[in-house]
Amino acid sequence: MDITQPTELLGGLSPEQFMKRHWQKKPLLVRQALPGITAPVDRATVAQLAASDEVESRLVTQQPGGRWSLRQGPIAKLPAWSKPQWTVLLQGLDLHVPAAHELLSRFRFVPEARLDDLMLSYASEGGGVGPHFDSYDVFLIQVSGRRHWHIGRRGVATSGELRGDVPLKVLADFTPEQDFILEPGDMLYLPPGWAHDGVAVDGDCMTASVGFRSPWRAELANELLVRLTDEGDESTAGSDRMYVDPLQEATSAPGLIPEQLLAFAREAVLKAVHDPLALERALGEALTEPKPRVFFEPGDALPEGLNARLDARTRMMYDAAHIFINGAAFRAGGRDATLMKRLADQRRLLAADVARLSEGARDLLDQWTEDGWVQPD
């Protein structure tokens, strides 16, 4: 992808311009961002996916008196298609439907570390999930039917307070600043903190939402510290040691934590963080860890003469010293590193490039193919 070239997807802006002008700053409405778009699934497939225990699904129904109901999947039977005011949400559709994965791939001008998944919302007439706001960026793509969107800034259109009497995160107050009706092919980008409420104008309304990961600092720190402390190699002399206190004196304040133990704890944390490349390795492993419901089908080694393609469920990234794939870290340098980074960026490696890998890197690629992480293409 040439990030300097204007694209229809972003209303004539280049990805470079979009990121500078709109990303995490202000909304963008693009009419016919994807002209001629077709829904990645039909109604029958929506029902099939909602009933699967491999797909995260939710059924939201609006009831009289401003009441809402929420049902977590699997959902064996959806309401009648003609019944108004219900919505089914299918999370991670890109992991199950190639057309959804292809649609998600159009947004790879944003770092893979931030790109999360594509959610599909199917709504009957009047269906929606109520006014709410997200803590992450989102592209809302209308793929069939029409949806009426109302949007507004948090602190202007809404106080941000949530209703306490419903099972959803529905805003208690919302006075929209703008509204749009999206037709198939239209797209609306919203940065974090913009409240929005989308209601299906007709039946068979499908909206694809491309969402992004935004980890909280404390959550990320906890994840990294767990990984850092798990990486200690007990087989290496001196790599780990137990707290000892041969000089501990008798105490009349047994509830007081000893200063020596506090110093030992501080040293343990700092050592884990300051080990060369330890933090970088832990971050890459965390960012590429597959989601809980993701499973891979084992295969055979990559046949000679074929291209290699990352499975749609595979997460692959890299930094200056590592290649990361599905929660595992590998060191690579020289030509192997260049080619593996190409696989991560393009999600595909041509047969001619596969042939240029060293014997060790080729063995690794074969192992990934046997694990189902990479597919012959």
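The set of residues in region 307-350 that are over 18 Å from residue 363 (Cα atoms) and free of Cβ contacts under 8 Å to residues at least 60 places away in the same chain comprises 318, 319, 320, 321, 327, 345, 346.
Of all the numbered requirements in (1) small (Gly, Ala, Ser); (2) within 21 Å of residue 71 (Cβ to Cβ); (3) out of contact with any Lys or Arg (no Cβ under 8 Å at 6 or more places or on another chain), residue 152 misses one, and that requirement is (2).
Quick one: is residue 66 at pLDDT below 95 and under 17 Å from residue 199 (Cα atoms)? So residue 66 fits the description; yes. Among the residues making up region 1-16, those that are crowded, with 16+ Cβ neighbours inside 10 Å and not in a loop (DSSP other than H, G, I, E, B) are 9, 10, 15.
In a residue-by-residue description of region 277-292, the property of being β-branched (Val, Ile, Thr) and either in contact with a Pro (Cβ under 8 Å, 6 or more places away or on another chain) or open to solvent by less than 40 Å² (accessible area, probe 1.4 Å) (or both) applies to at least one position. Of the residues making up region 345-363, those that are open to solvent by less than 50 Å² (accessible area, probe 1.4 Å) and touching a strand residue (DSSP E or B) at 6+ places or on another chain (Cβ under 7 Å) are 347, 349, 354.
For first residues located in region 357-377 and within 20 Å of residue 296 (Cα to Cα), partners that are of a type in the set (Ser, Thr, Tyr) and lie 6+ apart or on another chain with Cβ distances below 6 Å form the pairs 373/314.
Within region 254-273, residues that are open to solvent by 80 Å² or more (accessible area, probe 1.4 Å) sit with their Cβ atoms under 9 Å from residues that are not small (Gly, Ala, Ser), at 6+ positions apart or across chains, in these pairs: 260/243; 260/245; 260/247; 260/248.
Where strands (runs of 3 or more DSSP E) sit wholly within region 168-229, those with at least 1 residues that are among the aliphatic types (A, V, I, L, M) and under 18 Å from the mean Cα position of the chain (by Cα) occupy 187-190, 205-212.
Any residue at all in region 336-344 that is closer than 26 Å to residue 294 by Cα, out of contact with any strand residue (DSSP E or B) (no Cβ under 7 Å at 6 or more places or on another chain), at pLDDT 95 or above and open to solvent by 10 Å² or more (accessible area, probe 1.4 Å)? Within region 336-344, none of the residues are closer than 26 Å to residue 294 by Cα, out of contact with any strand residue (DSSP E or B) (no Cβ under 7 Å at 6 or more places or on another chain), at pLDDT 95 or above and open to solvent by 10 Å² or more (accessible area, probe 1.4 Å).
Residues that are of a type in the set (A, V, I, L, M, F, W, C) and either open to solvent by less than 10 Å² (accessible area, probe 1.4 Å) or modelled with pLDDT of 95 or more (or both) within region 130-154 comprise 138, 139, 140, 141, 143, 149, 151, listed in sequence order.
Residue by residue, here is whether (1) among the hydrophobic types (A, V, I, L, M, F, W, C); (2) within 29 Å of residue 154 (Cβ to Cβ); (3) modelled with pLDDT of 95 or more holds:
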residue: 5; (1), (2), (3): no, no, yes
residue: 9; (1), (2), (3): yes, yes, yes
residue: 12; (1), (2), (3): no, yes, yes
residue: 15; (1), (2), (3): no, yes, yes
residue: 20; (1), (2), (3): no, yes, yes
residue: 23; (1), (2), (3): yes, yes, yes
residue: 30; (1), (2), (3): yes, yes, yes
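Residues being more than 29 Å from residue 20 (Cα to Cα), among the small types (Gly, Ala, Ser) and open to solvent by 50 Å² or more (accessible area, probe 1.4 Å) are represented in region 77-97 by at least one member.
The values are calculated or read from the model by the stated rules, or taken from the named source; none is laboratory data. Quick caveat, the model's predicted, so the values are computed rather than measured. For neighbour counting, all protein chains shown are included, and Cβ atoms are generated from backbone atoms with ideal geometry for every residue, glycine included. Only protein heavy atoms, including side chains, enter the accessible area calculation; ligands, DNA and RNA are left aside. Shrake-Rupley method; radii C 1.70, N 1.55, O 1.52, S 1.80 Å.
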